[in-house]
Amino acid sequence: MIPPPWLDRLQQQAAHRRTLGRERAIHPAAGVDVCSNDYLGLRRDPRLAEAAAAAARAHGAGAGAARLLRGTCPLHDELEATLAAWKGTATSLLFNTGYQANATLVPALVGAGDAVFSDALNHASLVDGCRMARAGGAHLGVFGHLDLADLATQLATWRAGAPPTALALVATDAVFSMDGDAADLPALLDLCERNGAMLLIDEAHATGLLGADGAGLAQQQGVHGRVPLVMGTLGKAIGAFGAFICCASVLREHLLNTCRGFIFSTALPPPVLGAALEGIRIARAEPWRRERALSLADRLRRALRQPLQPSAIVPVPVGADADAVRLASALQRRGFDVRAVRPPTVPEGSARLRITTGAHLEEDQVETLVQVLLETLGT
């Protein structure tokens with residue numbers, strides 16, 4: 001039984017959420033998918049399902065333990081080698097989720113006396129990882145979104161008062177999950193190199209979708225293999241599940257020994273590994289998938305008179321939380337699965353619809369979506 005003081009607080013908080021229009025609930029998937037991160041349309045591809053089944057038959061349904069406790073199998077090594085070669089790094093390390101990776105690798109790298117600098121619109125997983133580092137004694141600086149001048153000023157100010165042995169980490173999304181805009185990685189790398197800082201990028205929404213063979217934003221922007229720490233996920237464009245960090249061997253060895261999210265988590269199961277390997281193979285071999293996803297996003301942006309962005313994420317700013325919920329419900333009634341995004345996922349006063357495009361969509365579906373969206377918005 002819940003103690004009365006606890007029950008009172010929970011009920012008060014629930015009532016407050018309802019008043020703000022921020023009550024959340026889990027809804028079944030229905031209608032045309034324009035809200036998931038399945039950018040390449042691979043999550044229901046039968047080739048991934050067969051690869052998962054084959055891996056299960058060969059290695060079992062589960063990993064059985066953390067990888068340091070006999071939870072590893074040959075597919076873990078194969079997937080890590082595949083990811084490292086794709087991302088242009090010496091090695092990689094698998095994690096169970098992007099949240100787990102970001103939230104635990106930052107405090108594993110940055111300690112007391114060090115500093116971490118985070119873009120103001122970074123994903124919550126990076127935000128929480130930076131907060132954990134701050135709790136451990138590190139300085140945390142939050143710089144304006146994509147504002148490299150602000151970052152440079154903060155780095156210089158911190159360095160002027162820091163001991164010579166102190167280390168600095170700069171963390172940023174590559175493609176930002178709520179706006180679909182992208183970081184300037186060459187400029188960030190130059191800034192970090194001038195200041196002796198290490199750069200960590202989160203390519204969750206770029207992996208599989210951007211670059212000559214889908215390797216990500218670093219490849220697209222001409223700095224492939226130069227970024228010291230590249231995090232990515234396998235449950236978005238790749239269509240499977242899991243996350244990874246691509247890096248130098250000395251960094252992998254450090255994380256393997258210090259990153260609590262890796263050390264104390266049961267390893268990814270073999271069926272997931274098999275599906276991820278097949279998803280990567282298809283992503284590299286079938287460029288039409290990313291071309292379609294990106295071209296459909298551009299079509300939608302033009303209709304909404306938005307600037308083009310290097311992503312398949314199209315935000316529709318609304319402002320008020322209740323208005324975003326109302327518009328999302330109207331689109332759902334018209335057969336399109338669109339969800340409202342509200343604080344704390346986005347800043348106060350910036351509730352929106354978050355629309356995504358993928359290779360599973362047909363052009364006529366997007367054309368209909370454009371018409372319905374413009375009607376719903378009253379434009």
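TRP158 meets all of the listed conditions (1) surrounded by 15 or more Cβ atoms within 10 Å (Cβ to Cβ); (2) within 20 Å of the chain's Cα centre (by Cα) but one, namely (2). State which residue is surrounded by the most Cβ atoms within 10 Å (Cβ to Cβ) when the search covers only the range 161-176 and only residues that are touching a strand residue (DSSP E or B) at 6+ places or on another chain (Cβ under 8 Å) and more than 20 Å from VAL227 (Cα to Cα). In this case the residue turns out to be ALA166. Kindly indicate whether any position in the range 35-44 is at negative phi, at pLDDT 95 or above, assigned to a helix (DSSP H, G or I) and not aliphatic (A, V, I, L, M). Within the range 35-44, not a single residue is at negative phi, at pLDDT 95 or above, assigned to a helix (DSSP H, G or I) and not aliphatic (A, V, I, L, M). For LEU48, the conditions (1) more than 24 Å from the chain's Cα centre (by Cα); (2) in a helix (DSSP H, G or I) all hold with the exception of (1). Considering the range 45-95, and only residues there that are at negative phi and of a type in the set (Lys, Arg), the residue that is surrounded by the most Cβ atoms within 10 Å (Cβ to Cβ) turns out to be LYS87. Taking the stated definitions as given, is THR165 out of contact with any Lys or Arg (no Cβ under 8 Å at 6 or more places or on another chain), more than 30 Å from VAL272 (Cβ to Cβ) and part of a loop (DSSP other than H, G, I, E, B)? Considered against the rule, which asks whether it is out of contact with any Lys or Arg (no Cβ under 8 Å at 6 or more places or on another chain), more than 30 Å from VAL272 (Cβ to Cβ) and part of a loop (DSSP other than H, G, I, E, B), THR165 comes out as yes.
Checked against the criterion of being more than 30 Å from LEU353 (Cα to Cα), of a type in the set (A, V, I, L, M, F, W, C) and touching a Ser or Thr at 6+ places or on another chain (Cβ under 8 Å), the candidates LEU69, LEU83, LEU93 yield just one match: LEU83.
To keep it simple, each residue is scored yes or no on (1) over 26 Å from PRO287 (Cβ atoms); (2) among the charged types (D, E, K, R); (3) surrounded by fewer than 22 Cβ atoms within 10 Å (Cβ to Cβ).
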residue: ALA120; (1), (2), (3): yes, no, yes
residue: LEU126; (1), (2), (3): yes, no, no
residue: CYS130; (1), (2), (3): yes, no, no
residue: ALA133; (1), (2), (3): yes, no, no
residue: ASP147; (1), (2), (3): yes, yes, yes
residue: ALA182; (1), (2), (3): no, no, yes
residue: LEU185; (1), (2), (3): no, no, no
residue: GLY196; (1), (2), (3): yes, no, yes
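Cβ-Cβ contacts under 7 Å between residues 6 or more apart (or on different chains), taken from a first residue in the range 196-216 that is closer than 30 Å to ALA160 by Cβ to a second residue that is of a type in the set (Ser, Thr, Tyr) and not in a loop (DSSP other than H, G, I, E, B), are listed as ILE201/THR172. As a summary of the residue check, LEU200 satisfies the conditions (1) touching a Pro at 6+ places or on another chain (Cβ under 9 Å); (2) surrounded by fewer than 21 Cβ atoms within 10 Å (Cβ to Cβ) except for the one numbered (2).
The values are calculated or read from the model by the stated rules, or taken from the named source; none is laboratory data. Just so you know, these numbers come straight off a predicted model, no measurement behind them. Every residue, glycine among them, receives a Cβ derived from its backbone with ideal geometry; neighbour counts consider all protein chains shown.
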